[in-house]
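Let me begin by presenting the structure, written as structure tokens, before commenting on it.
The values are calculated or read from the model by the stated rules, or taken from the named source; none is laboratory data. What you see is a predicted model; the values in this text were computed from it and never measured. Every residue, glycine among them, receives a Cβ derived from its backbone with ideal geometry; neighbour counts consider all protein chains shown. The protein model used for the area step is the full one, side chains on, heavy atoms only, and it has no ligands, DNA or RNA in it. Shrake-Rupley method; radii C 1.70, N 1.55, O 1.52, S 1.80 Å.
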Amino acid sequence: MAVEEYEAMAERRKLAFAAASETSKHVLTLTTAVITITISLAKDIVGKATPSDLLWLQLAWLAHAVSVLAGVATLMALAGTVNEGDNTRSIYATNIRLPAAMQMAFFGLGLALVVIFGVLAT
């Protein structure tokens with residue numbers, strides 16, 4: 001492999017890790033924003049909701065909390081993989097893919113649960 005090809009591959013790998021890290025950070029920010037907003041407005045929206053409706057909101061908070069934990073795990077896995085210095089590892093390694101998939105899945109689930117709560121509580 002030519003030196004130029006190796007350098008180009010290393011640059012693509014570096015960009016992939018940076019993009020994965022930024023994506024995880026953005027979802028972390030959105031998740032914490034949803035939690036903050038729903039908790040801040042809880043006193044206004046809880047008054048009209050039944051206890052069974054509140055369960056949907058509590059499940060949404062739980063899903064978002066799991067998403068935050070998975071996001072932190074993703075960032076830690078990205079940092080650890082970059083620190084290894086192994087040029088064969090990528091963002092598709094299982095130690096990165098699993099927590100990243102969990103972060104995205106629980107974020108989506110949390111949003112869906114918030115929407116369900118909003119529909120039922122109004």
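Just one of (1) open to solvent by less than 40 Å² (accessible area, probe 1.4 Å); (2) free of Cβ contacts under 8 Å to residues at least 24 places away in the same chain; (3) small (G, A, S) fails for A100. It is (2). Filtering the stretch 103-122 to residues that are open to solvent by less than 40 Å² (accessible area, probe 1.4 Å) and out of contact with any Lys or Arg (no Cβ under 8 Å at 6 or more places or on another chain) leaves Q103, F107, G108, G110, L113, V114, F117, G118.
Among the residues of the stretch 1-37, write down those that are surrounded by fewer than 11 Cβ atoms within 10 Å (Cβ to Cβ), under 17 Å from R97 (Cα atoms) and charged (D, E, K, R). Result: E22, single match. Mind checking which residues of the stretch 70-89 are part of a loop (DSSP other than H, G, I, E, B) and either surrounded by fewer than 16 Cβ atoms within 10 Å (Cβ to Cβ) or in contact (Cβ under 8 Å) with a residue 40 or more places away in the chain (or both)? Once the filter is applied, which keeps residues that are part of a loop (DSSP other than H, G, I, E, B) and either surrounded by fewer than 16 Cβ atoms within 10 Å (Cβ to Cβ) or in contact (Cβ under 8 Å) with a residue 40 or more places away in the chain (or both), the stretch 70-89 yields G85, D86, N87, T88.
Of everything in the stretch 77-106, what is modelled with pLDDT under 85 and either in contact with a Ser or Thr (Cβ under 7 Å, 6 or more places away or on another chain) or within 18 Å of V27 (Cβ to Cβ) (or both)? Give them in sequence order. Of everything in the stretch 77-106, just one residue is modelled with pLDDT under 85 and either in contact with a Ser or Thr (Cβ under 7 Å, 6 or more places away or on another chain) or within 18 Å of V27 (Cβ to Cβ) (or both), namely R89. Remark: pairs (first residue in the stretch 19-32, closer than 14 Å to L78 by Cβ and in contact (Cβ under 8 Å) with a residue 24 or more places away in the chain; second residue of a type outside the set (V, I, T) and open to solvent by 60 Å² or more (accessible area, probe 1.4 Å); Cβ separation under 7 Å; 6+ apart in sequence or on different chains) = V27/M104.
Restricting attention to the stretch 1-57, the residues that are in contact with a Leu (Cβ under 6 Å, 6 or more places away or on another chain) and either of a type in the set (S, T, N, Q) or part of a loop (DSSP other than H, G, I, E, B) (or both) total 2. Please verify whether the stretch 40-48 includes one or more residues that are in contact (Cβ under 8 Å) with a residue 60 or more places away in the chain, farther than 27 Å from A10 by Cβ and among the polar types (S, T, N, Q). No, the stretch 40-48 has no match at all. Just to be sure before I move on: is A60 loosely packed, with under 13 Cβ neighbours inside 10 Å, outside any loop (DSSP other than H, G, I, E, B) and under 22 Å from the mean Cα position of the chain (by Cα) in the structure I sent? No: the conditions fail for A60. In this structure, does V66 turn out to be in a helix (DSSP H, G or I) and either open to solvent by 40 Å² or more (accessible area, probe 1.4 Å) or in contact with a Lys or Arg (Cβ under 6 Å, 6 or more places away or on another chain) (or both)? Spelling it out, V66 is indeed in a helix (DSSP H, G or I) and either open to solvent by 40 Å² or more (accessible area, probe 1.4 Å) or in contact with a Lys or Arg (Cβ under 6 Å, 6 or more places away or on another chain) (or both).
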